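Colleague: Got a structure for you, questions after.
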Amino acid sequence: MQTLNTIKALRQTLATHRRQGDKIALVPTMGNLHAGHTALVEMAQRHADIVVATIFVNPLQFGAGEDLDAYPRTLAEDQSKLEAAGCNLLFTPNNAMLYPNGLEAHTRVLVPEVSQGLCGASRPGHFEGVATVVTLLFNLVQPDIACFGEKDYQQLAVIRKLTADLHLPIDIIATPTVRNDDGLALSSRNGYLDDAQRAKAPALYRTLCQARDALEKGMPSNDVLHEALQNLIAAGFKPDYLELRRANDLGPVSDTTQDAILLAAAHLGTTRLIDNMPILLPKD
Ligand code: PAF
């Protein structure tokens, strides 16, 4: 695997591959890679000839007081994991390269509707930061496909919408959430949990599973969501949101909705965990 740290080197290397007719896949990441990321690389490999991963801790998607400075930077380990997973090129830009005139002066990409509510409500500006950096990376790499995890379900919906709205010729491929044996969704932020919090954390997944079973049996969603929130609180979480939405566009569920998604964010101490669960609502 080759690591490239200039835009010029990235463009030259990709131009050669494009001339050869290679299909190019992009896997954008913020580093501190785990099995969820390597699953993205493996998925990318199945769909393309060349897999380009990026590692960039994007300051534009972090709010004031969030974990930008604490976010783990583990480049050497990440390079070994990417290489082992079959990644061909790693691009590691820095702030000056992507935002040469500073964050405030930079053009932003705003994706309406799907960016609102859920994580968009608790993290103002977050999805604007994600949409901006993803659009930048799409333009720099010009991939045929790009892979994102379903764990960040709202992010995936934002990226699907920006790709469609801007007519970008890129197939967005989603990969299922990778979980620990106890059900906890893999996330770089799990590393912030102390032992006691780590022991409590799988209750988020268990709560979503119980709620799914109840909703799929046709129990009223208000009751199910209320009980699930109480369960999270009893397990030691401070819930941020727990909401049932339409799976395809995160709009409100109606009597005719069948494909739904239950999305949750909750704090354990200062660590904010997110997870989600697809729900097949029964026909009336
Ligand atoms: O999911 C992430 O790691 C980031 O939000 C992404 C998509 C790499 C953009 O910075």
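The values are calculated or read from the model by the stated rules, or taken from the named source; none is laboratory data. All of these numbers come straight from a predicted model, not from anything done at the bench. Reconstructed Cβ throughout: ideal geometry from the backbone, glycine too, with neighbour counts over all protein chains shown. Areas reflect the complete protein model, heavy atoms only, side chains present, ligands, DNA and RNA absent. Shrake-Rupley method; radii C 1.70, N 1.55, O 1.52, S 1.80 Å.
Colleague: Could you check how much of the accessible area of the chain is carbon and sulfur, as a whole percent, using a 1.4 Å probe?
Modeller: Ligands and nucleic acids excluded, carbon and sulfur reach 49 percent.
Colleague: Magnitude of the Cβ-charge dipole of the chain, K/R +1 and D/E -1, about the Cα centre, nearest 20 debye? Before the final figure, lay out each step's value.
Modeller: Details: 25 positive and 32 negative charges, 113 e Å.
My answer is approximately 540 debye.
Colleague: Follow-up. Amide H neighbours of Y241 under 5 Å, at least 5 residues apart or on other chains, H built in the peptide plane: list them.
Modeller: Hits under the 5 Å cutoff: A265.
Colleague: Let me ask something additional. Rounded to whole Å, give me the distance from the Cα center of the stretch 88-105 to that of the stretch 1-62.
Modeller: 15 Å
Colleague: Could you derive backbone 3J(HN,Hα) for the stretch 228-236 from the dihedral phi with the Karplus parameters 6.51, -1.76 and 1.60 (θ = phi - 60°), listing whole Hz in sequence and x where the residue is Gly or Pro?
Modeller: 5, 4, 4, 5, 5, 5, 5, 7, x
Colleague: Under a 5 Å amide H to amide H cut-off, with H placed in plane at 1.01 Å, what residues pair with I279 once short-range neighbours are removed?
Modeller: HN-HN under 5 Å from I279: A260, I261, L262.
Colleague: Could you give each residue of the stretch 111-128 its phi-based ³J(HN,Hα) in whole Hz, using Karplus coefficients 6.51, -1.76, 1.60 with θ = phi - 60°, and x for Gly or Pro?
Modeller: Along the stretch 111-128, the couplings run 10, x, 6, 5, 7, 8, x, 6, 5, x, 6, 7, 10, x, x, 4, 6, 5 Hz.
Colleague: Could you work out the per residue convex hull volume over the alpha carbons of the chain, in cubic angstrom?
Modeller: Cα convex hull per residue, to the nearest whole number: 134 Å³.
Colleague: Also, I was wondering about something else. What is the dipole size for the stretch 62-203, taken about its Cα centre, with +1 at each Lys and Arg Cβ and -1 at each Asp and Glu Cβ, in debye to the nearest 20?
Modeller: Using Cβ point charges on Lys, Arg, Asp and Glu, the stretch 62-203 gives about 160 debye.
Colleague: With every protein chain left in place, what is the accessible area per residue of the stretch 1-97 in square angstrom, probe 1.4 Å?
Modeller: 46 Å²
Colleague: Given points 7 Å out from each Cα along the Cα-Cβ axis, report the Y241 to D67 separation in nanometres with one decimal.
Modeller: 2.0 nm
Colleague: Further question: Length gain on complete extension for the stretch A35 to D165, per 0.36 nm per residue less the alpha carbon to alpha carbon distance?
Modeller: 43.7 nm
Colleague: Relative to the Cα centre, what is the charge dipole magnitude of the stretch 29-89, using +1 at the beta carbon of each Lys and Arg, -1 at the beta carbon of each Asp and Glu, and rounding to the nearest 20 debye?
Modeller: 140 debye
Colleague: Also: With labels modelled as points extended 7 Å from the Cα through the Cβ direction, what inter-label distance (nm, one decimal) is found for E113 paired with R18?
Modeller: It is 3.1 nm.
Colleague: Looking at the stretch 137-199, what % of the alpha carbon pairs are farther apart than 14 Å?
Modeller: Here the long-distance tail beyond 14 Å is 65 percent of all Cα pairs in the stretch 137-199.
Colleague: Taking the Cα atoms of the stretch 61-137 alone, what are Rg (to one decimal) and Dmax (as a whole number) in Å?
Modeller: 14.9, 39
Colleague: If you project the alpha carbons of the stretch 213-284 onto their three principal axes, what span does each projection cover, largest first, in Å?
Modeller: 40, 23, 15
Colleague: A further question on this structure: Could you grab the relative contact order for the chain? Cα pairs under 8 Å, six or more apart, rounded to a whole percent.
Modeller: Worked out over the chain, it gives 17 percent.
Colleague: Something else: Collect residues whose amide H, placed 1.01 Å from N in the peptide plane, falls under 5 Å from the amide H of T177; neighbours closer than 5 in sequence don't count.
Modeller: E150, K151
Colleague: Right, here's the next one. Report the gain in length on full extension from H106 to D49: 0.36 nm times residue separation, minus Cα-Cα distance, nm rounded to one decimal.
Modeller: The span from H106 to D49 would gain 17.2 nm if fully extended.
Colleague: Could you tell me which residue out of C87, P112, G63 lies farthest along the dipole of the stretch 55-117 toward its positive end? Charges go on the beta carbon: Lys and Arg +1, Asp and Glu -1, centred on the Cα centre.
Modeller: C87
Colleague: In whole angstrom, note down how far apart the Cα centers of the stretch 183-200 and the stretch 110-171 are.
Modeller: The two parts, judged by their Cα centres, are 26 Å apart.
Colleague: So what are the ³J(HN,Hα) numbers for the stretch 35-41, from phi and the Karplus equation (6.51, -1.76, 1.60; θ = phi - 60°), rounded to whole Hz, Gly and Pro as x?
Modeller: So the Karplus estimates, Gly and Pro as x, are 4, x, 6, 5, 5, 5, 5 Hz.
Colleague: With the cut-off at 18 Å, report for the stretch 180-257 the share of all Cα pairs above it, as a whole percent.
Modeller: The answer is 48 percent, as a whole percent.
Colleague: Å³ per residue of the Cα convex hull, for the stretch 1-101? Mind dumping the intermediate values first?
Modeller: Details: hull volume 10.4 nm³, N = 101.
So the per-residue hull volume is 103 Å³.
Colleague: Along the positive direction of the dipole of the chain (beta-carbon charges: Lys, Arg +1; Asp, Glu -1; about the Cα centre), which of S187, V133, V52 reaches farthest?
Modeller: The Cα lying farthest towards the positive end belongs to V52.
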